[in-house]
């Protein structure tokens, strides 16, 4: 097993700053680019991450750590950010993500004070019994896959414009 809480927090702490630095100040053509119908753009990924900070990881961690478990996870709608779109400017949404993540990491560190907690379980609506270690690892991988998703979307935004160099960009040839 590779999971280490300190290492996990290193990534979780950096995700908001990484996305802020990478995306803030970009034109809407970058932020609104997507991969076609039914896919998300960079702005929608940020909205999804905000929703996760509000209703996904910390509530599920709390369910696992609640006495008398294992407890069922509270519901989480992966698409709530689509049905509940916001008109907030992008920089405000990124700031919200940064603030929520900082508060959640503080809460995480106050909730998980022992490695014994990593083996405690909760009940996921699809997977059944899952361990806290698995949930925390998923949080990190979730961040990394969405960072990757954003860079993929942005690369594809110029895919048709790179001409012959396309053959050297492995990303487009897989």
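The values are calculated or read from the model by the stated rules, or taken from the named source; none is laboratory data. This structure is a prediction, so every number in the text was calculated from the model and none was measured. A quick note on method: Cβ atoms are made from the backbone with ideal geometry, for glycine too, and the neighbour counts reach across all protein chains shown.
Descriptive notes on the structure:
- Among residues of the range 97-129, those that are in a strand (DSSP E or B) and in contact (Cβ under 8 Å) with a residue 40 or more places away in the chain, counted: 5
Every residue, every condition in (1) surrounded by 18 or more Cβ atoms within 10 Å (Cβ to Cβ); (2) over 22 Å from residue 19 (Cα atoms); (3) out of contact with any strand residue (DSSP E or B) (no Cβ under 9 Å at 6 or more places or on another chain); (4) modelled with pLDDT under 95, yes or no:
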position: 130; (1), (2), (3), (4): yes, yes, no, no
position: 139; (1), (2), (3), (4): yes, no, yes, no
position: 144; (1), (2), (3), (4): no, no, yes, no
position: 169; (1), (2), (3), (4): no, yes, yes, yes
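- Note on the range 103-118: residues that are out of contact with any helix residue (DSSP H, G or I) (no Cβ under 7 Å at 6 or more places or on another chain) and either surrounded by 11 or more Cβ atoms within 10 Å (Cβ to Cβ) or within 13 Å of residue 69 (Cβ to Cβ) (or both) total 3.
- Subset of the range 153-167 [surrounded by 13 or more Cβ atoms within 10 Å (Cβ to Cβ) and either touching a strand residue (DSSP E or B) at 6+ places or on another chain (Cβ under 8 Å) or part of a helix (DSSP H, G or I) (or both)]: 153, 154, 155, 156, 157, 166
- Search result, residues across the range 33-52 that are exposed (fewer than 14 other Cβ atoms within 10 Å of the Cβ) and either within 17 Å of the chain's Cα centre (by Cα) or at pLDDT 95 or above (or both): 39
- The range 1-21 residues that are touching a residue at least 12 places away in the same chain (Cβ under 8 Å), paired with ones that are buried (at least 16 other Cβ atoms within 10 Å of the Cβ) and in a loop (DSSP other than H, G, I, E, B) (beta carbon under 7 Å, 6 or more apart): 5/112
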